[in-house]
Amino acid sequence: MTNAPLVKSIRLSTVLGGDVRLEASTYLRDGYGFVSLANQCDNHKRLGDLADIWQPNRLTGYTVPEGKGLPFFTAGQVFEDFPRVRKWLAAPFVPQADSRYVKQDWLLLSCSGVVGNVTAVYPHHVNKVITHDLLRIEPKDQAEYGWLYAYMKTDFFKQIARAAQYGHMIKHIEVAHANGFPVIMPDAATRKAIGDKATEAVRLRGEAWRLRDEAFKLLEKEVGIACEAESPAGTCVVSLSKVIDNRSRLDADSYAGSISAVDSLVLASENISQI
């Protein structure tokens, strides 16, 4: 005799609350479980209760030559260790330009593509037009800035954020989703101890970037090669078909004129030291 499997149909509303889309292929069991766990904690709050969350209107800008417009960062560039401005936008075609800038006491949350990633705002983000693909998180109480940053950097929070995503090819989260994210709030002393360390880490990273820029400027001054230098004399542009045949792979670094110039300087210094 074969026992029948213990199964039973239940209504979807029993599983999910609110207006949430269920994607059966990924429905992010970890994320849904973390949301349920956080909501069961007596000491939890909604992110929207702790911070003002907003998003600028979608931006479709017109690019202009380097240095001729407003410097712009994509979401990917904002998360880079050492971002460099690669796109400049015509100022007259950037609506509500003031809303595109960010402040150092904010946090930024990715809301399109790979959602749920969080970064602090560092000095090199200031005075740049920042894409609308990042939600602006403004803590209502600056004393909670460090705790929010530390909590939102955890994998626990990322799973919560990704449980709210929607869209088939490109994932999204909206301001309404972010407002509802649960934030576990331990006692004030614990939040302060963790928050102080997180805030200090952000400060030290900002200082590291400042020192890095000073080091590069010193290198340019002493060595005589600017980091963004154009191709030095003696180099020219040629067709790729004239460089390689038979569909061979080309390692561009080996052919970069600026790299060759640096190699020549290093080789010359080694020859001088041997004299």
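The values are calculated or read from the model by the stated rules, or taken from the named source; none is laboratory data. Computed from a prediction, not measured in an experiment: that's the story for all the values here. Ideal geometry is used to build each Cβ from the backbone, glycine not excepted, and the neighbour counts take in all protein chains shown. The accessibility values were calculated without ligands, DNA or RNA, using every heavy atom of the protein model including side chains. Shrake-Rupley method; radii C 1.70, N 1.55, O 1.52, S 1.80 Å.
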- Query: Principal axis lengths of the range 44-135 from Cα atoms, whole Å, largest first?
  - Reply: 49, 27, 24
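Could you do me a favour and compute the accessible area per residue for the range 147-194, 1.4 Å probe, result in Å²?
Per-residue accessible area for the range 147-194 comes out at 46 Å².
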- Given LYS128/LYS171; LYS87/LYS128; LYS103/LYS140; LYS103/LYS128; LYS153/LYS197; LYS140/LYS197, which pairs have Cα atoms separated by over 18 Å? LYS128/LYS171; LYS140/LYS197
- Whole-percent carbon and sulfur contribution to the accessible surface of the range 41-81 (1.4 Å, no ligands, DNA or RNA) stands at 44
- Task: State, to one decimal in nm, how far the label point of TYR62 lies from the label point of LEU204, with both points 7 Å from Cα in the Cβ direction.
- Result: 4.7
- Task: Kindly report, to the nearest 10 Å², the accessible surface of SER260 as traced by a 1.4 Å probe over protein heavy atoms only.
- Result: 50
- Item | For the range 27-80, fraction of C-alpha pairs farther apart than 19 Å, in % | 62
- Message: Taking just the alpha-carbon atoms of the range 126-232, what radius of gyration and Dmax come out, in angstrom?
- Response: 19.6, 60
- Note on the structure: Counting only residues 5 or more apart in sequence or on a different chain, those whose built amide H sits under 5 Å from that of HIS44 are MET185
- Task: Give me the number: length gained by fully extending VAL85 to CYS41, i.e. 0.36 nm times residue separation minus the C-alpha to C-alpha distance, one decimal in nm.
- Result: 11.5 nm
- Give a residue-ordered list of calculated ³J(HN,Hα) values for the range 130-143 (Karplus: 6.51 cos²θ - 1.76 cosθ + 1.60, θ = phi - 60°; whole Hz; x for Gly, Pro). 9, 3, 6, 6, 10, 6, 8, 10, 10, x, 6, 10, 4, 5
